[in-house]
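The values are calculated or read from the model by the stated rules, or taken from the named source; none is laboratory data. Everything quoted here is computed from the prediction, not taken from an experiment. Note: ideal-geometry Cβ built from the backbone for every residue, glycine included; neighbour counts use all protein chains shown.
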Amino acid sequence: MNKQLKTTSIKRLISTALLISVLLVQFIPVSNANGATQIVNRSLTLKAGDSNTTGSEPGAVVNHAYSFTVPNVGGGVIKSIKFQYCLTAADVGANVCVMPTGLDTTLSGAKVTALLNATGTGSGGFALDKSVNGTLRLNRAAETAIPADTPLTFEFENIKNPTETTPTILSQTFFVRITTYTAEDSLSGQIDNGTVAASTNNGIDLQGYMPESLVFCTGKTVPLTVTVPNVPDCTAADDSEVRFNQLFSPTDTATATSQMSASTNAGSGYVITVNGPTLMSGTNSISAMTNMEQTLHGVSQFGLNLRANTVATSTVAVGTEVASASNGTNFKGQALAGYNTVDRFKFNTAAGQNDVANSAYVDGTTQTLGGSDAQIFTVSYIVNVPGSQPAGSYTTTLTYICTPTF
């Protein structure tokens with residue numbers, strides 16, 4: 001081999017060796033000099049500060065709730081935690097952090113709530129330093145180490161969300177770099193770190209209107225809705241003729257029932273009245289019970305009430321209580337005086353005497369007036385006649401009117 005070829009081969013060998021050396025340098029992993037490990041199970045939830053905002057609304061003053069677990073493998077004493085808000089996601093260190101536009105972590109009233117973990121230990125004892133906008137620092141002087149794999153939760157109140165930089169942009173993602181330190185100043189003694197992400201977004205505005213409402217129906221029966229328990233179905237009300245259970249007799253009381261259902265959102269509730277004549281057959285009639293009375297065989301009587309009547313002397317078993325039962329909150333319907341006493345009946349259509357029910361629930365001396373969900377009233381009718389009552393078909397048409405006051 002001549003000298004020139006030999007020299008060229010040596011140069012190529014040196015160049016190849018240098019290239020391999022460079023490649024080795026490029027692919028040798030560089031360990032974290034400070035030995036920091038990743039904080040795990042980390043999250044940031046944007047929570048509404050009040051009922052007028054949503055947690056993710058741009059520019060809204062809300063609460064930022066953090067949850068994470070510190071590995072803290074070395075068992076170092078965590079004396080400070082830094083939360084740094086940035087536009088980019090990166091580990092803490094030399095990476096440049098640009099604070100999101102419009103963010104304000106220094107508002108008056110900003111504070112932190114530390115919640116304990118399931119074992120009763122955790123995030124207590126930290127004080128908030130919010131002096132630098134975009135960076136929240138939690139400091140404590142405690143010398144007790146937080147155990148490894150300890151879940152921590154912090155909620156910062158009165159934080160102003162970032163705002164959109166362009167009106168056409170509906171959301172803005174930002175990142176928060178979390179770092180734990182052994183020093184109280186959140187500057188030295190880094191232990192663990194991790195990044196969380198969150199996004200602001202305009203809420204979806206939904207609008208609807210509840211108008212003034214009244215649902216009222218009457219019938220021989222008013223059944224319950226099949227698919228919704230305890231809700232009357234007025235569309236299925238039985239409007240057939242109501243007949244008494246037996247022929248009229250001076251030795252027994254004839255009975256019959258009808259039903260009605262009412263609901264309204266009227267602020268002053270509703271009043272139900274009954275209107276119409278007593279039972280008639282041509283010019284012959286059965287006497288209306290103008291006063292609340294018990295039933296008496298052999299006496300001309302026609303009356304009604306809205307209660308479940310029992311079997312007792314001179315009374316009959318007929319009727320049921322209002323359903324659902326009144327509770328003074330969403331169910332306020334009740335029978336009124338004259339029609340609300342068990343085994344006592346009345347029928348008086350004179351002016352001012354025909355109110356049978358309303359939605360003004362009374363509990364002791366307290367009256368709760370107002371709207372009510374639907375309830376079913378059962379109206380019980382009774383007839384007694386003397387032996388001299390003229391034969392005939394006795395009928396009447398009664399009209400129930402429900403009047404809400406808005």
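Structure data summary
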quantity	calculated
Residue that is over 29 Å from the mean Cα position of the chain (by Cα) and either among the acidic types (Asp, Glu) or farther than 23 Å from ALA357 by Cβ (or both), where the choices are THR221, THR227, THR180	THR180
Segment 221-247 residues that are without any contact (Cβ under 8 Å) to a residue 12 or more places away in the chain, paired with ones that are small (Gly, Ala, Ser) and not in a loop (DSSP other than H, G, I, E, B) (beta carbon under 6 Å, 6 or more apart)	GLN246/ALA254
Options THR264, THR251; residue that is touching a residue at least 12 places away in the same chain (Cβ under 8 Å) and closer than 29 Å to ASP343 by Cβ	THR251
Scan of segment 253-287 for residues that are of a type in the set (A, V, I, L, M) and within 29 Å of LYS332 (Cα to Cα), ordered by number	ALA256, MET260, ALA262, ALA266, VAL271, ILE272, VAL274
Strands (runs of 3 or more DSSP E) fully within segment 315-406 counting 1 or more residues that are polar (S, T, N, Q), surrounded by 15 or more Cβ atoms within 10 Å (Cβ to Cβ) and touching a residue at least 60 places away in the same chain (Cβ under 8 Å)	355-358, 372-384, 399-404
Answer residue from segment 111-141, given it is of a type in the set (A, V, I, L, M, F, W, C) and modelled with pLDDT of 90 or more and is surrounded by the fewest Cβ atoms within 10 Å (Cβ to Cβ) among those	VAL132
